[in-house]
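Engineer: Pasting a structure here, questions to come.
The values are calculated or read from the model by the stated rules, or taken from the named source; none is laboratory data. A quick note: this is a predicted structure, and the numbers were derived from the prediction, not measured. Glycine gets a Cβ as well: all are built from the backbone with ideal geometry, and neighbour counts include every protein chain shown.
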Amino acid sequence: MSREFLLPDLGEGLTEAEIVAWLVAPGDTIVIDQAVVEVESAKSIVELPSPYGGVVASLFGEPGQVIHAGQVLLTVADAVTDVSAAGATVGVPVAAAPNSTLSEGSGAVLVGYGTTESTRPPRTVAAGRFGTVTTADAAARLKAPTPTPIPAAVEPVRIDAARRSPVVSPIVRRLARENGFDASMLAGSGQNDLVLRSDVEDHIRALTTSALTTSEPPTSAPPVLVVAATGAAASATPAGRDDVSADIRIPISGLRKVVAQRLTTSRREIPEATIWLDVDATALFAARDQLLTATGERFSVTALIARFVVAGLRQFPVLNSSVDTASQEILQHGAVNLGIAAQTSRGLMVPVIHGAHAMSTRQLRDAIAALVAQSPDGTFAPSALTGGTFTLNNFGSLGVDGSAAIINHPEAAILGIGRMIERPWVIDHALAVRTVVELSMVFDHRVCDGGTAAGFLTYVARCIENPVSLLADL
């Protein structure tokens, strides 16, 4: 008899996750709450601890496979039970797990851990886009992963099946896996032989070049190269070729899948309208410099505009709303939970500053700075990515002036900040050079009419043009 460890409820309505890496193998002895697998949900990458101690009997799934809540991740046999009797894929002598028995259960771990007594034999694992894999196959691949076979005469010598180089980044692991090899088999160029993304991309180029030089491309369809959805398509071009005939398939999974679903829902359900306004931001930069002189502290322009936005939502609270389609009601939120759109290595994410309405300008600045520090790798806690009531998007950092943004469903509006550049501006009937920014706002026309949206936008614009005017509303 063995115990089954089911994929738990990861919280925040997440029902599926992708296996990133197994931290144990069949035959390993584990203890309660020992991390056994690393999974990636739509919100974050987490290590799951086992609710049981004993001997790992079977693993269900392999890296890259998507599993759903309630599905079996692994089975754990009693330490004194022969692993093969419990369906183990590797027959090895097993020692007793310290401080654990069959009746032991886990302490407080993730919400909704599903653990049951196993009454059925091990089953075959459906591995989705990777094909059907048995537990024996999965264990064998974990023990000695092998790259996709290519002609021996041209096989790049970079891969070594006996090598186990350190690989830290999940993106690097996925990029290699999607192209048919294990990143740890490469000789890393980073510190302490760490495998970097550039190492994987170089090997992908080598694989592509080898395939093109040893086989004739089919006439009916060009070759297809599969890469991870991390912007690696451009780097997959073989060296020395300006035009590549290979198609590229980019899997829509993980965070990208959730973003796609949310944006599609927004476009389908929300009758949106867009307004925009050019604003003279010269006085805003002067106010920022005055704050530095007066306090010795730096305040970013984004933090100051965020403060204006929060004040504007207090003046026009209906924009801090969402639509309950089931009850056909507008839910006007009391708290302002300000989302800050961020471009990360995992894609577009919107971390939320909860309770922004109760923060001082200094507190709001520090909260935004904390989000910016986490943005490069997208390591936000799941709770930081939910509950937003209004989104601020500074796409000016991407070098564009404006955008008809898509509302972050189920919110009712989003405000965009374009790039701030010097432009000719008329002041007192004379031309002058001023720092100008374009504000663009998209709003749900079910929630308010253009007058309300325009009132909010011009309020924020007045605060940017004359920051002192905000004092009247404090």
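Engineer: For residue 14, are the conditions met, namely being surrounded by 15 or more Cβ atoms within 10 Å (Cβ to Cβ), part of a loop (DSSP other than H, G, I, E, B), touching a strand residue (DSSP E or B) at 6+ places or on another chain (Cβ under 8 Å) and modelled with pLDDT under 75?
Structural biologist: no
Engineer: For the range 180-203, does any single residue satisfy the condition of being closer than 23 Å to residue 45 by Cα, part of a loop (DSSP other than H, G, I, E, B), under 26 Å from the mean Cα position of the chain (by Cα) and at pLDDT below 80?
Structural biologist: Yes: the range 180-203 contains one or more residues that are closer than 23 Å to residue 45 by Cα, part of a loop (DSSP other than H, G, I, E, B), under 26 Å from the mean Cα position of the chain (by Cα) and at pLDDT below 80.
Engineer: Of all residues in the range 45-82, which are in a strand (DSSP E or B) and of a type in the set (Asp, Glu)?
Structural biologist: Listed by number, the list holds a single entry, 47.
Engineer: Out of all the residues in the range 22-48, which are of a type in the set (Gly, Ala, Ser) and at pLDDT 85 or above?
Structural biologist: 25, 27, 35
Engineer: Kindly establish whether residue 364 is surrounded by 19 or more Cβ atoms within 10 Å (Cβ to Cβ) and in contact (Cβ under 8 Å) with a residue 60 or more places away in the chain.
Structural biologist: Judged against the criteria, residue 364 is a match.
Engineer: In addition: Touching a strand residue (DSSP E or B) at 6+ places or on another chain (Cβ under 7 Å), within 15 Å of residue 333 (Cα to Cα) and surrounded by 19 or more Cβ atoms within 10 Å (Cβ to Cβ), is that true of residue 390?
Structural biologist: For residue 390, the condition - touching a strand residue (DSSP E or B) at 6+ places or on another chain (Cβ under 7 Å), within 15 Å of residue 333 (Cα to Cα) and surrounded by 19 or more Cβ atoms within 10 Å (Cβ to Cβ) - is met.
Engineer: Name every residue in the range 267-325 that is surrounded by fewer than 17 Cβ atoms within 10 Å (Cβ to Cβ) and acidic (Asp, Glu), in order of residue number.
Structural biologist: Of everything in the range 267-325, those that are surrounded by fewer than 17 Cβ atoms within 10 Å (Cβ to Cβ) and acidic (Asp, Glu) turn out to be 269, 278, 289, 297, 324.
Engineer: Now a separate question. Within the range 382-403, can one find any residue that is over 23 Å from residue 278 (Cα atoms) and among the aliphatic types (A, V, I, L, M)?
Structural biologist: So far as the range 382-403 goes, yes, one or more of its residues are over 23 Å from residue 278 (Cα atoms) and among the aliphatic types (A, V, I, L, M).
Engineer: Does the range 313-333 hold any residues that are in contact (Cβ under 8 Å) with a residue 40 or more places away in the chain and not aliphatic (A, V, I, L, M), and which are they?
Structural biologist: Within the range 313-333, 314, 315, 316, 320, 321, 322, 325, 333 meet the criteria.
Engineer: Taking interchain pairs and intrachain pairs at least six residues apart, which have beta carbon atoms under 6 angstrom, with the first residue in the range 1-13 and among the polar types (S, T, N, Q) and the second buried (at least 20 other Cβ atoms within 10 Å of the Cβ) and at pLDDT 70 or above?
Structural biologist: Hits for this filter: 2/57; 2/75; 2/77.
Table: residues versus (1) assigned by TED's automatic domain parsing to the domain that holds residue 376; (2) under 30 Å from residue 424 (Cβ atoms); (3) in a loop (DSSP other than H, G, I, E, B); (4) touching a strand residue (DSSP E or B) at 6+ places or on another chain (Cβ under 6 Å).
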| residue | (1), (2), (3), (4) |
| --- | --- |
| 286 | yes, yes, no, no |
| 289 | yes, yes, no, no |
| 292 | yes, yes, no, no |
| 303 | yes, yes, no, no |
| 314 | yes, no, no, no |
| 327 | yes, no, yes, no |
| 331 | yes, no, no, yes |
| 339 | yes, no, no, yes |
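Let's see how each residue does on (1) modelled with pLDDT of 95 or more; (2) basic (Lys, Arg); (3) crowded, with 22+ Cβ neighbours inside 10 Å:
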site: 381; (1), (2), (3): no, no, no
site: 404; (1), (2), (3): no, no, no
site: 413; (1), (2), (3): yes, no, yes
site: 425; (1), (2), (3): yes, no, no
site: 460; (1), (2), (3): yes, no, yes
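Engineer: How about the range 396-474: which strands (runs of 3 or more DSSP E) wholly inside it have at least 2 residues that are touching a Gly at 6+ places or on another chain (Cβ under 6 Å) and more than 17 Å from residue 307 (Cβ to Cβ)?
Structural biologist: 430-444
Engineer: Based on this model, can you work out whether residue 336 counts as over 30 Å from residue 45 (Cα atoms), free of Cβ contacts under 8 Å to residues at least 60 places away in the same chain and of a type in the set (A, V, I, L, M)?
Structural biologist: So residue 336 does not fit the description; no.
Engineer: Condition test on residue 383, is it of a type in the set (S, T, N, Q) and closer than 17 Å to residue 337 by Cα?
Structural biologist: Criteria met by residue 383.
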